[in-house]
Amino acid sequence: MATVTRNDFANRLRERFGLTTADAYKLVDVIFDEIRESLINGEEVKFAGFGSFKILTKSARMGRNPKTGAPAVISARRVATFRPSTEFRARVAK
């Protein structure tokens, strides 16, 4: 299974739109920075036809250490989640 990297995104932008390599990397960085900052600020990020990113706040709870079986507290935390759109799920399922 192949992995798509930041370089792949930049190269695709460069080829598709004729951007310079430096401009393509800057564009990729700006897009990811904007998504990251929006999520940090508690905003949901939605892309029509793709899906949405948001931050969920999980409260502390009791769990267990899988190695020893001993009870352990799982601390409260914030996690990023992605929910694909219906269109995206349909296209992936083909």
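The values are calculated or read from the model by the stated rules, or taken from the named source; none is laboratory data. On a predicted model such as this, the values are computed, not experimentally measured, just so you know. Each accessible area value is taken on the protein alone, full model and side chains, heavy atoms only, with ligands, DNA and RNA left out. Shrake-Rupley method; radii C 1.70, N 1.55, O 1.52, S 1.80 Å.
Only aspartates and glutamates eight or more places from Lys54 in sequence, or on another chain, were considered; those with a Cα closer than 16 Å are Asp33, Glu34, Glu37, Glu43, Glu44. Where (1) 57, 33, 28; (2) 35, 30, 20; (3) 49, 29, 16 are the candidate values, the label of the one calculated here for Cα extents along the principal axes in Å is (1).
Computed from backbone phi, the HN-Hα couplings of the stretch 45-57 come to 10, 10, 10, 4, x, 10, x, 9, 10, 7, 9, 9, 9 Hz, rounded to whole numbers (Karplus: 6.51 cos²θ - 1.76 cosθ + 1.60, θ = phi - 60°; Gly and Pro given as x).
Taking the accessible area of the chain, probe 1.4 Å, and keeping the other protein chains in place, the carbon and sulfur fraction comes to 56%. Taking amide hydrogens as placed 1.01 Å from N in the peptide plane, the amide H of Ser85 sits under 5 Å from those of Phe50, Gly51, Ser52, each at least 5 positions away in sequence or on another chain.
Computed from backbone phi, the HN-Hα couplings of the stretch 75-91 come to 5, 5, 7, 10, 10, 7, 10, 10, 10, x, 6, 4, 4, 4, 4, 5, 5 Hz, rounded to whole numbers (Karplus: 6.51 cos²θ - 1.76 cosθ + 1.60, θ = phi - 60°; Gly and Pro given as x).
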